[in-house]
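The values are calculated or read from the model by the stated rules, or taken from the named source; none is laboratory data. Here the structure is a predicted model, which means the values were calculated and not measured. Counting neighbours? That spans all protein chains shown, and the Cβs are built from the backbone with ideal geometry, glycine included. Areas reflect the complete protein model, heavy atoms only, side chains present, ligands, DNA and RNA absent. Shrake-Rupley method; radii C 1.70, N 1.55, O 1.52, S 1.80 Å.
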Amino acid sequence: MPPLRLASLVSSNSDILAALGVTSWVVAADHHSDAPGLEQARRVGPDLNIDIPALVATKPDLVLASLSVPGLEQVVDGVQKAGLPLLVLDPISVADAQEDVRRIGRALGLDARAEQVVQGWQAEMQRLRRAYPRPPRVVVEWWPRPVINATQDSWVTDLLADLGAENAFADRPGRSAPMHWPEVVDARPDLIVCSWCGAKKLRPEVIAARGLPVPVIPVLESGLGRPGPRLVEGARQIAAALEHLVLTEEALTEGVSRVQEPTL
């Protein structure tokens, strides 16, 4: 099977293509994709503002999109109206993301390679798992103002469970939710992860300055905000932080009144 001409409209799909070793097949990519090997790809705009005529001009055999980027539905509609062959992914769980690797592999005739990627990913997660006196409660902050955190229907929930921890907002419906800072305090996290989406610089000190006495670590969006093989990068960082926690059953003693509302 000759190489296909591929277009990737989101970073997570580009990361999957890199893991499969086919970035040289990519003729068009969004501006945010930073997987190695995309130098020859034409950049066709930010993921939410894809230049459809420019995309059409690259004559892709297959366009890869993902609804894991909120708002990409409009871009998908534009690609469909342009009549381009399209594969749309919509992962919620880690298992979904792993199955997407297999789906892309099947579409490219690379089933065996895709299975190798998934098995390697699963093996690494098993290696990182630890048993704790109780599951550490973790908050993953996607944005600081307003505070937006990962909730129940996020791959973050599965990833933390795989590590032996739990998403402090696993009982909150949806993929993410804006919150007032006292809600974070009431969730009694043991660890907060700063993984601001699209931020050029992470500032965990901003979260720490709000006054909640728990560790705050930075994890780049590439390692946590993209449902693909690079989730392992974020998992490694979180696992390392979890190993240094001192876990107790006592409630947080800091009153909400002593905790500052977030500022930038």
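Scanning region 130-175 for residues being farther than 14 Å from Leu231 by Cα and touching a residue at least 24 places away in the same chain (Cβ under 8 Å) gives a total of 29.
Residues that are open to solvent by less than 40 Å² (accessible area, probe 1.4 Å), assigned to a helix (DSSP H, G or I), of a type in the set (A, V, I, L, M) and touching a residue at least 12 places away in the same chain (Cβ under 8 Å) do occur in region 188-211, at least one of them.
What do you reckon, is Pro60 part of a loop (DSSP other than H, G, I, E, B), open to solvent by less than 60 Å² (accessible area, probe 1.4 Å) and touching a strand residue (DSSP E or B) at 6+ places or on another chain (Cβ under 6 Å)? Yes: the conditions hold for Pro60. Let me confirm something: among Asp153, Asp158, which residue is part of a loop (DSSP other than H, G, I, E, B), open to solvent by 10 Å² or more (accessible area, probe 1.4 Å) and under 25 Å from Glu124 (Cβ atoms)? Within the list Asp153, Asp158, the selection yields Asp153. Scanning region 77-94 for residues that are part of a loop (DSSP other than H, G, I, E, B) and touching a residue at least 12 places away in the same chain (Cβ under 8 Å) turns up Ala82, Leu84, Pro85, Asp90, Pro91, Ile92, Ser93. Taking the criterion of being over 12 Å from Ala235 (Cα atoms), open to solvent by 20 Å² or more (accessible area, probe 1.4 Å) and of a type in the set (Val, Ile, Thr), would at least one residue in region 138-148 satisfy it? Yes, there is a match, as at least one residue in region 138-148 is over 12 Å from Ala235 (Cα atoms), open to solvent by 20 Å² or more (accessible area, probe 1.4 Å) and of a type in the set (Val, Ile, Thr).
Filter region 72-82 down to the residues that are more than 16 Å from Pro227 (Cα to Cα) and open to solvent by less than 60 Å² (accessible area, probe 1.4 Å), then identify the one that is farthest from the chain's Cα centre (by Cα). So the residue we want is Ala82. When region 1-41 is filtered for residues that are loosely packed, with under 15 Cβ neighbours inside 10 Å, without any contact (Cβ under 8 Å) to a residue 24 or more places away in the chain and within 22 Å of Ala107 (Cα to Cα), the ones remaining, listed by number, are Pro2, Pro3, Ser24, Pro36, Gln40.
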